[in-house]
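Q: Pasting in a structure now, in structure tokens, and then I'll have a few things to ask.
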Amino acid sequence: MQSAERPLPYRRGLIIVATLATAYVASHFFRASNVTIGLDLMRDLAIGPEALGALTGAFFFFAAMQIPCGFFFDRFGPRYTVVGMLIVASLGGALFTLAPSWPVLLTGRALMGAGCGVMLIGSMVVISRWFPPDRFSTLTAMVLSIGLLGNLAATTPLAWASEAVGWRPVFGAVVVFTALATIAIWLVVRDAPPGHPFLSRKAEPPGEMLKGLVEVLRNPRLKPILVLNFCNYACTFTVQGLWGGAFLREVHGLSPIAAGNVLLSAVIAYQAGMLAFGPLDRRLDTRKGIAIGGTLVIICLLAILALFSHPPVWLPTAVIIAMGFFSASSTMVMTHGRGIFPDRLIGRGISTMNTSVMLGVACMQTLSGIIIGAFEPLASGARTEEAYRALFGTLTLVLLVAVAVYSRSQDVKPSEEMRAARQ
């Protein structure tokens, strides 16, 4: 009887997850757009690389809103929390679109980061409550794959549209999309399937919720996972989401459209990586091993960019595309971390994990602007190859340290997780 009833909530769960993933497209567009229009922003608002790095990083600094939102997820549920924060993101997007100066642009981007920062966590919490544990990685990969359509739109399509009508009308259209997605989430998403304990929970008082966060932070298994979580996506996104396009244009002479095509290919490779890495933990019965393997490949790719001077253009092109594929292994770190938290702490646990990702990106993108800005530009204003190689070398060293720390973590095997869920 149970198996006969299961398909209905399963199908409804897929519709809910697909709705959240569609809204997640806007988050990826907003966060990745600066890699394509960064030079345009620097020209239009007369800002330097340090300001561009801070502007890009602001999206991720304010994603630290995920920590209080973790309380909201556990107390009020994903539906109310995501809708409320997407309203903030829409207001920030409108402010960014209309900004006449850098401070206003910075404020708008910070609000976009605060609002969009809850999207992935909300999807993960919903997946945790609508599906069995062994489907978590695959469905999270599905959400990320759909969300990456925003990354795709932020590459060649954004470059083409910006040249045709300017970047502001494009952002205005995405703000409208975000508002419509917010309405869809309100109408479609439900926090948990009928009969789930979350729906009959007794709301924790604020003091107990704070104790739950302290319990999450004191978990001894969390610390090495947080270290790689903080560094992994931060390093790859600094290339894919900020300086990769400028590097190809300023060092290798690619046009904005050609550089956008390389970044577009990298995003497609990332989506393919999501599909490849998503179910891999169930097949290999490990998450730690997959995360370490993927990170080691990324370290080698960054080292190539750092060590080779004046390579043929196909080499950095191939490296950036390959990095897109293997950076998908970072989702396995999140899946690893999700496995160490009980359901009552799932919102606070995942929000803590994702906050480390966002803060890592914010710190690394801000640092990257400082590194690039420390080198004297050419007479044309372009950054030198040495500046970019210094950046890539720094990213290589950061990831080497992070993977060494993470290697001391305790693995969470899917087979063990499923046995515990059945008991």
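The values are calculated or read from the model by the stated rules, or taken from the named source; none is laboratory data. A quick note: this is a predicted structure, and the numbers were derived from the prediction, not measured. FYI the Cβ positions are ideal-geometry reconstructions off the backbone, even for glycines, and counts take in every protein chain you see. Please note that ligands, DNA and RNA were not included when accessible areas were found on the heavy atoms of the full protein model with its side chains. Shrake-Rupley method; radii C 1.70, N 1.55, O 1.52, S 1.80 Å.
Q: About the Cα centre of the chain, how large is the charge dipole given +1 on each Lys and Arg Cβ and -1 on each Asp and Glu Cβ? Please answer in debye to the nearest 20.
A: Result for the chain is approximately 1300 debye, rounded to the nearest 20.
Q: What is the extension gain from E163 to L14, computed as 0.36 nm multiplied by their sequence separation minus the C-alpha to C-alpha distance, in nm to one decimal?
A: 49.9 nm
Q: Check every DSSP H run in the chain and write down those whose alpha carbon atoms cover 20 angstrom or more along the long axis and whose mean Kyte-Doolittle hydropathy is 0.0 or greater. The partial results should precede the final answer.
A: On the way: long enough: 7-32 (37 Å, 0.70); 78-98 (30 Å, 1.42); 102-116 (21 Å, 0.98); 167-188 (31 Å, 1.85); 222-238 (24 Å, 1.02); 256-277 (31 Å, 1.49); 288-307 (28 Å, 2.39); 346-373 (40 Å, 1.09); 385-406 (32 Å, 1.36).
For the chain, where a helix must reach 20 Å along its axis and average at least 0.0, the hits are 7-32, 78-98, 102-116, 167-188, 222-238, 256-277, 288-307, 346-373, 385-406.
Q: Probe radius 1.4 Å, ligands and nucleic acids ignored: give me the carbon and sulfur share of the accessible area of the chain as a rounded percent.
A: Exposed carbon and sulfur together represent 69 percent of the surface.
Q: By a straight-distance test (C-alpha under 22 Å), which lysines pair with K413 as possible cross-link partners, with residues fewer than eight away in the same chain excluded?
A: Partners within reach: K223, K288.
Q: Taking one equal scatterer on every alpha-carbon of region 332-423, how large is log10 of I(q)/I(0) by Debye at q = 0.13 1/Å?
A: So the normalised log intensities work out to -0.64.
Q: With a 1.4 Å probe and every protein chain left in place, tell me how much accessible area K413 has, in Å² to the nearest 10.
A: We get 70 Å² for K413.
Q: Just one of (1) 20.8, 75; (2) 21.6, 68; (3) 51.5, 162 is Rg and Dmax of the Cα atoms in Å as worked out from the coordinates here. Which one is it?
A: Checking each listed value against the structure points to (1).
Q: Of A258, A387, A173, which has the largest mean-square fluctuation in a 10 Å C-alpha GNM of the chain?
A: Most flexible of the set in this elastic network: A173.
Q: Of V165, G195, P220, whose Cα points farthest to the positive end of the dipole of region 149-238 (charges on the beta-carbon: +1 Lys, Arg; -1 Asp, Glu; origin at the Cα centre)?
A: P220
Q: Given a 1.4 Å probe, how much area per residue of region 252-381 is accessible, in Å²?
A: Ligands and nucleic acids excluded, the figure is 35 Å² per residue.
Q: Ok, one more. Using a Gaussian network model of the chain whose springs link C-alpha atoms within less than 10 Å, name the residue from T384, T36, T295 with the highest mean-square fluctuation.
A: Of the options given, T384 has the highest mean-square fluctuation.
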